[in-house]
Structure formats: C-alpha cells, structure tokens
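Note sheet for the following structure.
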Amino acid sequence: MEYQDPVISVLLEEDILDDQGVQELISEQNKSGKSLVSLLKTQKLIDHDQLTKLTAISNGIEYIDLTSDMIDPVAVRLVSYEIARQHNLIPLRMEKDMLYVAMSSPLNLSARDAITTKTGYKVVPLGATREAVTQAIDSHFDVKSVTQQDIVTMRLKDSGEFDGKIRKQRGKSANVADAPVVRLVDSIITGGIDARSSDIHLEPQEPDMRVRYRIDGIMINALEVPGSAQREVISHIKILADMDISERRIPQDGHISIEHNGRDYDLRVSSLPSTGGEKIVLRILDASQSLQAIDQVITSQADYEKAYSLIAKPYGMILVTGPTGSGKTTTLYSMIQALNTPEKNIVTVEDPVEYRLNGITQVQVKPEINMTFASSLRSILRQDPDIVLIGEIRDLETAEIAVSAALTGHLVLSTLHTNDAAGAVSRLVNLGMAPFQVSSAMLGVMAQRLARTICPKCKEPYDPTPQELAMLFGDGADKHRDATLYKGKGCEACRGTGYRGREGLFEIFEMNSTLRNMVVEGVSDDKLKACALAQGMKTLRMKGIERILEGSTTLEEITRVVNMKED
C-alpha cells in the first residue's frame, strides 16, 4: 500500500512501524484528531533522533546526515559557544542573507530568533541527530580553534600593531572581558572541562607556553600560547585564584569557582617557579557531581562483596594503595558514603578536602600552623568517632595513631603508596611499626589502578599477535589462537585516542589467621602474596587480563598501568 504522507513513508523505511502498525496509528489519528508525530511521541514509539527526523519532514524542513565537511568554520563563528550548546545547534554555511543551521530541535523558534537578532541573517533550519550536532559543537568549538584568533591577536600585539588598542582597552573596565588574554584563559579552562580533563597544565617552554590536558590519566597537548603572552595569562589566572601576582619566587596555592553549562566547578590552582617561568596546574573538581556509590566504583561483583565485607567490620584498619592518580580518594569516599548513617560519627582528616560530604566532619590539614595528620588525629580521637578516614599515612607518628585507633574500637580507612596490596605490610613495618601491631590492626588492603576503557563509538575486533597471546595466556597461548581482542579505532568522541573513560582494577588482600601469623613472623611480601593467591586472591595482572578478554580495555593499556611480568 502506498501512502502520500511523508511521515508514514519514513516510519516504514526506518522499520519503526509495519503496515498494520501504520493502519492502527492512522485509525487513532482519525479518532483523536492529533498529528501522527504527536501520537508517536505520546505512545513512545520513537526516540529523540527519530522524532527530530519526523518533525523536520512533517514541517517541510530538510533532514541531513551531518558530517564535518558540511560545516564552514566562518559560519560557526557567527554564534557563541553558549548558544550552540544551550540549543544544540551549529551553523553550516551562509548564502546571501540566509544562515543554514543544523538543529536537533529544528522547530525551536526562540533559538532561531536569537541567532537572527545576533547575526542579522535569516535562519534556515536543518534537522540533524542530537549526537551529530553535539559532536560537531565539540569539534568546532574545541579550545584550539576557539583560541586561535586570540593567539593571532596576541602575536600582533607583540609586534606592536595592537599596542594603542590594547592600552585603550585597559583603561576601560567595560572592555576587560573582551581582552584576548581574558578570552584565552576562559577558553583554556572551559575547553579542559569539555574535554573531561582532570587537570590543566600551563608549562613554560621555549619559545611558547605549552597547554596540556590530563584526560583519563594521559597528558594530551591542547595548544601553544605565545611566550610574549605567558606572563599575562599566568597573572590573570593568579588574579582569578586570589594569589599574589607580584610573587614569582615561591610556590602558591589558590582556588577558582566557576559555572559552565549550568554546572559548578571548583578549580584548585597551584603555581611552581621553574627556570622558564611559573608553571600553573589547575585541578578540576565538579562541585555539581554527586559522589559515586561503592558499587559504581568497584564494578566487579566479587570485588564489591569483598570490599563491602571489609568495611562492614566494626573496627580495624583498611588501606587503599596505589600511585598518585589511581583513584584511591574516590574509592575511600565511596566507602565512607556507604557507611554514612545517622548512627555513626564519621570524621576525616584530609590534605586537601576535595569534596564536601553531608553528615560527615571533615578536617583540613594545615602544616603552616602545625596542624598535621598526626596532630589532627589526636584531636579527632577525643571527639568520640566511630569511623576515621585519614587522607594518607606518611610517617611513623601518623601510622602509630592510626593503628592505635584501629586497635581501640575504631574503623580506620586510609591510603598508602605501595605497588601491590601485600607490600602495605612491609611499608608500615619499615615506617617503624611492630609486626604484631600491624597484624592485629589490619583488616585488609586494596591495591588499585585505573585503566582506560575502549571507546564504544569506535570499538572494533582484531586478531591478536602471537606475542600478545603469549603475554595473556603464557604456555597455553596455542590453545587460544582463535581469541578475539578489541581496540578503539579513534573517533571524534574519544579525540582520536580510542579510549573513553576509565574503570578500576582491584587487588584485595584480606587478612586471616594464617596471614596474621605470617606477618608476626616477619615473612617477606612475596610469601604473603603467594599465600593470599593460594587462598583465592587475584592480582592486578589477573584482573587486567580479565578486562582485556571481556573486551572492555586493551593489552596496551593494561601493560601501561600494571606490571604484566609479575610472578
């Protein structure tokens, strides 16, 4: 049967409905008098992208398969990033007095009017999927492209061509926000947030200043700022962070609070004098984001059950170990969140306090006034706590108080820097603790790493090489010659890296009577580890191999974060 209505043609072409479904929809339309698109939306028969396509077609609007080569960079600059992001649209091209704009909501009249008012062009809307428009915005409003004009302006200024103009702007407070350095700093920060970076590094180099983002634990180049603008950029950041701009000889710390895309962010700012000038690092914390629950942090059901059994104990000490940036604090916070009930008095001592936790007393370490981990802990233990979180055990004094608290009826959670879980025992002994104290106080240790996961948008299978099979299966590699591994090809969603997001790997060392006796006897870490393995513990290497075979990450990534040659 042929239908004249283009909406029905799309429903059939896209296999959204069959002939019978179409007949039922038409019957419902005749009864209700509503449009087909309205009925489809009400009955939830279509998703947002299908709704966009049908809405466009039913209103005589062209629907396109948006690709990057359709977009004119000059046209993009006619609208601001805020308008593009708020209404999920992007200009494509200009023709005479008309501006063609791809929109995921092409009937959004307020957005079209705003663009017309701003640019003077008549807007011609084109329908496109939400994801395609979002990716185009991320690509064309990338920090490199956004700041290019500001960098050019700075270079011209350095050559003397803009001196008069810049001097005039400095004399007018109304124009401060238009200064290239202000726009540049703003785009560097917002670009880092949009790229999901945890840290922004501004590093003095020769001849320019390098800006890098740490995304999923990896440093990625963002752009180069002209050396002539280096001091102005750093000074502006220090002003925003309420730091002393005249002091360049000693390190400083500061703080910036900003709002971006309707979310609040806290930026911890650190300056470090170097031979080429001051290096600035901004740590990005999403103040609007709720903390992850423990089952979101520890996604393996077996690991989750082990971890929960540890924190369910009424007293003792639990340690989370790993290098800087391995997610130890996030894991501790998730544990505290799980334990946070009105019946418990929970106190933390941290350096610094990264997130505010409702219902929990948090103490900030201040070494300049002799408020250290150890001195703070002494005061905390006089506050009748049930659970104590210590940001890090760094010295013997802190270790002694933590162990004493664990032995006197408190549950103590803390972090330690060791390569594996069993190594935490010798680390505490090397600090000066007696083995019998460690044995009695310790409930368990969780060694942790963060591994990047394969981007789901560009994930593809491949046949592993004999070398890769040998690393995964050892002597049994021949039996797995037909194994399939996965990798990310690289796309706009993952910025060409093939990875997007990270997941935790956990090696959980649970103390029992056998291991306690071995600790008291002073056996080596290797023997403790061997005994734990015999009792069912899985190492970080084993966990990594599981993730590779599941297809969530790659051998290359696990090799980067875990020692694949461990015994």
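The values are calculated or read from the model by the stated rules, or taken from the named source; none is laboratory data. The structure displayed is predicted, hence computed values, not measured ones. We place every Cβ from the backbone using ideal geometry, glycine too, and count neighbours over all the protein chains shown. These accessible areas exclude ligands, DNA and RNA; they are computed on the full protein's heavy atoms, side chains included. Shrake-Rupley method; radii C 1.70, N 1.55, O 1.52, S 1.80 Å.
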Among the residues of region 222-237, are any within 22 Å of I137 (Cα to Cα) and of a type outside the set (G, A, S)?
yes
Test set (1) within 22 Å of N261 (Cα to Cα); (2) in contact with a Pro (Cβ under 9 Å, 6 or more places away or on another chain) - K118 fails condition number
(2)
State yes or no: is D253 touching a Lys or Arg at 6+ places or on another chain (Cβ under 8 Å), acidic (D, E), open to solvent by 60 Å² or more (accessible area, probe 1.4 Å) and assigned to a strand (DSSP E or B)?
yes
Flagged pairs (Cβ under 7 angstrom, 6 or more apart or on separate chains; first in region 269-292, at negative phi; second of a type in the set (V, I, T) and loosely packed, with under 15 Cβ neighbours inside 10 Å) are P273/I250
Test: residue in region 145-157 that is under 30 Å from S228 (Cβ atoms), open to solvent by less than 60 Å² (accessible area, probe 1.4 Å), among the basic types (K, R) and modelled with pLDDT under 85
yes
Mind counting the residues in region 501-547 that are closer than 27 Å to R560 by Cα and among the hydroxyl-bearing types (S, T, Y)?
2
Filtering helices (runs of 4 or more DSSP H) wholly in region 302-418 for at least 2 residues that are in contact with a Phe, Trp or Tyr (Cβ under 9 Å, 6 or more places away or on another chain) and open to solvent by less than 60 Å² (accessible area, probe 1.4 Å) gives 328-339, 396-407
Between a residue in region 510-536 that is within 19 Å of A434 (Cα to Cα) and among the hydrophobic types (A, V, I, L, M, F, W, C) and any residue that is in a helix (DSSP H, G or I) and open to solvent by 60 Å² or more (accessible area, probe 1.4 Å), which pairs come within a Cβ distance under 9 Å, given they are 6 or more apart or on different chains?
M518/K527; V519/F436; V520/F436; V520/S440
Among helices (runs of 4 or more DSSP H) completely within region 490-550, the ones holding 2 or more residues that are open to solvent by 20 Å² or more (accessible area, probe 1.4 Å) and of a type in the set (G, A, S) are 525-534
Open to solvent by 20 Å² or more (accessible area, probe 1.4 Å), within 32 Å of the chain's Cα centre (by Cα) and at pLDDT below 65, is that true of I46?
yes
List the number of the failed condition for E247; all other conditions in (1) charged (D, E, K, R); (2) surrounded by 13 or more Cβ atoms within 10 Å (Cβ to Cβ); (3) in a strand (DSSP E or B) hold.
(3)
Looking only at region 442-453, decide whether some residue is open to solvent by less than 50 Å² (accessible area, probe 1.4 Å), in contact with a Lys or Arg (Cβ under 9 Å, 6 or more places away or on another chain), in a strand (DSSP E or B) and polar (S, T, N, Q).
yes
So, E354, is that one touching a residue at least 24 places away in the same chain (Cβ under 8 Å) and either in contact with a strand residue (DSSP E or B) (Cβ under 8 Å, 6 or more places away or on another chain) or farther than 20 Å from I318 by Cβ (or both) or not?
yes
In region 467-489, anything part of a loop (DSSP other than H, G, I, E, B) and either open to solvent by less than 70 Å² (accessible area, probe 1.4 Å) or among the small types (G, A, S) (or both) is listed as A483, T484
Any residue in region 343-353 that is hydroxyl-bearing (S, T, Y) and modelled with pLDDT of 90 or more?
yes
Go through (1) in a strand (DSSP E or B); (2) closer than 27 Å to L407 by Cβ; (3) over 22 Å from the mean Cα position of the chain (by Cα) one by one and return the number of the condition K279 breaks.
(2)
